[in-house]
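Shown next, in C-alpha cells, is the structure this report addresses.
Only the coordinates and a few stated rules stand behind these numbers; no lab work does. What you are looking at is a predicted structure, and each value in this text was computed from that prediction instead of being measured. No Cβ is skipped: glycine too gets one built from the backbone with ideal geometry, and neighbour counts run over all protein chains shown.
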Amino acid sequence: MTKSAEHGLSKFHRLLIDQLRHEFTASHQYVALATWFDARDLPQLARVFYRQALEERDHAMMIVRYLIDSDVSVTIPRVDEIQNDFDTPRDLVALALRQEREVTNQFHMLMRVAREENDYTGEQFLHWFLQEQTEEVAKMSTLLAVIDRSAGNLFDVENFVARDMPDESGGSADAPSTAGPSLT
Ligand SMILES: [Fe+2]
Ligand SMILES: [Fe+2]
C-alpha cells in the first residue's frame, strides 16, 4: 500500500514532496529567464537557461522516481509564482543565484531531517543533489561576476558564455534515475 499525506508520512517524505514543487518552480523560472534573454537577442544566455530548465525538471523527476520507489503516493504540484519582469540582465542572473542558494539550504534541511529520522536510504539519495547544488551555485556566481566585470558590454558576456559554458554532455553516472526520459 502506498503511503499518502494523510497517513503518516515521515517528515523527510513531506519535505521531499515540497522539494518536488521547488524543483518544478526552478525549472519554470529558468524557462522565464531563457525566454527573456532569447527575446533580447542574447542566444548564449538563453541557451544556458533553457538547458538549466531541463536540468531542474530532471531533478524533479528524480524525486518523483524516488517517491514512487519508496511507495509514497505522488501528486504533481502546481508551481510557485514566476518572475518575468526584469530591468537588466544582471537582475536575472542575481535571481538565479538567489534561487540556487535557497535550494541548497532546502537540501541541507532535507539532510538534517533524514539524519534525525535515521533514513539512511534518504540520506544517500541526497548526496548527489548536494554535489549538484555546489556546482550550480558556483556556475551562477561566476556568471554574475562576469556580468559585473563586463560593465554593460553584453557582447563580452555572450562570448564568455559561448566559450566557457558549453552544454555538458549528459549528467554524471551516479545521478539518481528519473521517472521517464531525462537529459542524460
Ligand atoms: Fe535543482
Ligand atoms: Fe538548480
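Remarks
- Selected from Gln99, Gln29, Gln124 as most flexible by GNM, with the chain as the system and alpha-carbon contacts under 10 Å: Gln124
- Relative to the longest principal axis of the Cα atoms of the chain, helix 154-164 runs at roughly 50 degrees.
- Ordered by the count of other Cβ atoms within 10 Å of each Cβ, fewest first, Met140, Met111 give Met111, Met140.
- The coefficient of translational diffusion for segment 1-89, derived via Stokes-Einstein from the alpha carbon Kirkwood radius under 25 °C and 0.890 mPa s, stands at 172 µm²/s.
- Once the chain from Glu123 to Asp69 is taken as fully extended at 0.36 nm per residue, the excess over their C-alpha distance is 17.9 nm.
- Taking N as the residue count of the chain, its C-alpha radius of gyration divided by 2.2 N^0.38 Å amounts to 1.09.
- For Lys3, the residues whose modelled amide H falls within less than 5 Å of its own, excluding neighbours fewer than 5 places apart on the same chain, are Val72, Ser73.
- Measuring gaps between exposed loop sites in the chain (GluC sites (Glu not before Pro); DSSP loop; at most 11 other Cβ atoms within 10 Å), the longest gap, sites not included, is 82-184.
- With contacts taken as Cα pairs under 8 Å and at least 6 residues apart, the chain reaches a relative contact order of 28 percent.
- Residues His28, His59, His22 arranged by fewest to most Cβ contacts within 10 Å: His28, His22, His59
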